[in-house]
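First comes the structure, then the notes that go with it.
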Amino acid sequence: MEEVTPQEGQRRVQQGALLVDVREQNEYDEVHAQDAQLLPLSELEARYTELPQDRDLVLICRSGARSARAAEYLMNNGYGRVANLTGGTLAWVENGLPTEGGNQ
């Protein structure tokens, strides 16, 4: 599976990739990468077909572990254009990239 830095993830989103946050709703509400779409890992098996197969997907979680599992699941189910964001939301925030939610 491809791993991308927060900067590369943001660049891909700016070029049309879909940023998918696989954390739970409460984590997402606290803070999330700007324009990230929520699809919790706990719901992935039931809802993964909602994601487009013809578009690049960048998966993000808190630190990169859950999104790696989600990316692997998607790849095993016919998705070929999937990348995992290394370091997750923590790295996204640490790199000063745009976020939403929380006390902003």
Next item on the list: Specify which of the listed residues (53, 34) is within 14 Å of residue 6 (Cα to Cα) and either in contact with a His (Cβ under 7 Å, 6 or more places away or on another chain) or among the polar types (S, T, N, Q) (or both).
Entry: 34
Next item on the list: Select from segment 15-32 the residues that are assigned to a loop (DSSP other than H, G, I, E, B) and open to solvent by 40 Å² or more (accessible area, probe 1.4 Å) and write down the one among them that is nearest to residue 93 (Cα to Cα).
Entry: 24
Next item on the list: Determine if segment 40-49 includes at least one residue that is of a type in the set (Gly, Ala, Ser), at negative phi and open to solvent by less than 70 Å² (accessible area, probe 1.4 Å).
Entry: no
Note to self: Every residue in segment 1-57 that is closer than 22 Å to residue 78 by Cβ and acidic (Asp, Glu), please.
What the structure shows: 2, 3, 21, 43, 45, 50, 54, 56
Check: In segment 74-104, which residues are part of a helix (DSSP H, G or I) and either touching a strand residue (DSSP E or B) at 6+ places or on another chain (Cβ under 6 Å) or within 19 Å of residue 28 (Cβ to Cβ) (or both)?
Finding: 74, 75, 88, 89, 90, 91, 92, 93, 94
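Every residue, every condition in (1) open to solvent by less than 10 Å² (accessible area, probe 1.4 Å); (2) touching a Pro at 6+ places or on another chain (Cβ under 7 Å); (3) within 18 Å of residue 101 (Cα to Cα), yes or no:
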site	(1), (2), (3)
13	no, no, no
35	no, no, yes
51	yes, no, no
73	no, no, no
86	no, no, no
Notebook entry, point to check: Restricting the search to segment 2-11, which residues are open to solvent by 90 Å² or more (accessible area, probe 1.4 Å) and either among the acidic types (Asp, Glu) or part of a strand (DSSP E or B) (or both)?
Noted result: 3
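Here's the yes/no breakdown for (1) out of contact with any Ser or Thr (no Cβ under 8 Å at 6 or more places or on another chain); (2) of a type in the set (D, E, K, R):
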residue	(1), (2)
66	yes, yes
72	yes, yes
92	no, no
96	yes, no
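The values are calculated or read from the model by the stated rules, or taken from the named source; none is laboratory data. Every value quoted in this text rests on a predicted model; they were computed, and no experiment measured them. Glycine also receives a Cβ, built like all others from the backbone with ideal geometry; neighbour counts cover every protein chain displayed. These accessible areas exclude ligands, DNA and RNA; they are computed on the full protein's heavy atoms, side chains included. Shrake-Rupley method; radii C 1.70, N 1.55, O 1.52, S 1.80 Å.
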